[in-house]
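Structure first, then comments.
The values are calculated or read from the model by the stated rules, or taken from the named source; none is laboratory data. Predicted model only: the values in this text are computed from it and were never measured. No Cβ is skipped: glycine too gets one built from the backbone with ideal geometry, and neighbour counts run over all protein chains shown.
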Ligand code: NAD
């Protein structure tokens, strides 16, 4: 297929490279980053979109996505599909879908999980909102860039699935870390803690697959000095998106709100920026009940 790819950063560059590897013709554009090997560089977003059957965007946030969409939509041919893989707010995703529909284009919001490693290995999971027709058009591209694509319903539902998943992840990571710190203070060995919890009702992805305690459980960023992985500031971004969505939908999410506040403090006032989101464990280790 002829693909336009806008946003060739940490995620976009390896995703575009995997499309080239799968035999697609990719024209890319980024305001700053260079195009990876095999990707033809365009001079503008509209230039990358012209003549493309699918235009993929992988951008920092909803405001930039809307700006880029306004630029590329007039350059796209009727029937082409605008496929946004960024993580953005649900409202922006739905606005862009309406803009695309108004111009006779298909569109999908398809945020990913799997991080930079998954983007490079082509093992991402896509959570997809949009029409079944647009999903069918993009399916070969999901297969080239990832391992799984779940169609979650109409426009915006991919973003909804992503932020609900990551709200659970943020909350369970904090719970897992504070429980390890409590276990330490009670004299419970971390290996014993892992062996019990990972096979009991406290188990979760945070404990079983991404254990925040170094030297315990499967290899994770904790075994690599808490280098990301999934950076704490990206978790904060997703938790804030979940809270913005909860406000818009009048949903009561007290644990999500608390997780957002804790990650905000960790990233903005403490030493969390640039560290993996599981570095909440050393944070709790150094604290007591009266720590401010
Ligand atoms: P990044 O900052 O490395 O890449 C974004 C790219 O967009 C940059 O190269 C930037 O120059 C470019 N850009 C900004 N404005 C532009 C414009 N107007 N026109 C063209 N290009 C523009 O970020 P990333 O880590 O690649 O993340 C991209 C998206 O994927 C984000 O929404 C992020 O939340 C999401 N995401 C990231 C990860 C991760 O682990 N990095 C995991 C899942 C989802």
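Taken together, the criteria place residue 65 among residues that are more than 22 Å from residue 143 (Cα to Cα) and touching a helix residue (DSSP H, G or I) at 6+ places or on another chain (Cβ under 8 Å).
For every residue, the table says whether it meets (1) more than 16 Å from the ligand (Cβ to nearest atom); (2) touching a residue at least 12 places away in the same chain (Cβ under 8 Å).
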| position | (1), (2) |
| --- | --- |
| 191 | yes, yes |
| 203 | yes, no |
| 212 | yes, yes |
| 220 | no, yes |
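Within the range 225-243, if we keep just the residues that are touching a residue at least 24 places away in the same chain (Cβ under 8 Å) and over 16 Å from the mean Cα position of the chain (by Cα), the residue that is farthest from the ligand (Cβ to nearest atom) turns out to be 226.
Looking across the range 53-86 at every residue that is in contact with a strand residue (DSSP E or B) (Cβ under 8 Å, 6 or more places away or on another chain) and more than 15 Å from the ligand (Cβ to nearest atom), the one that is modelled with the lowest pLDDT is identified as 79. Can you say whether residue 117 is within 13 Å of the ligand (Cβ to nearest atom), in a strand (DSSP E or B) and either in contact with a strand residue (DSSP E or B) (Cβ under 6 Å, 6 or more places away or on another chain) or without any contact (Cβ under 8 Å) to a residue 12 or more places away in the chain (or both), as far as the supplied structure shows? Taking the combined requirement at face value, the residue does not satisfy it. Annotation: of all residues in the range 19-52 being in a helix (DSSP H, G or I) and within 14 Å of the ligand (Cβ to nearest atom), the one that is surrounded by the fewest Cβ atoms within 10 Å (Cβ to Cβ) is 47.
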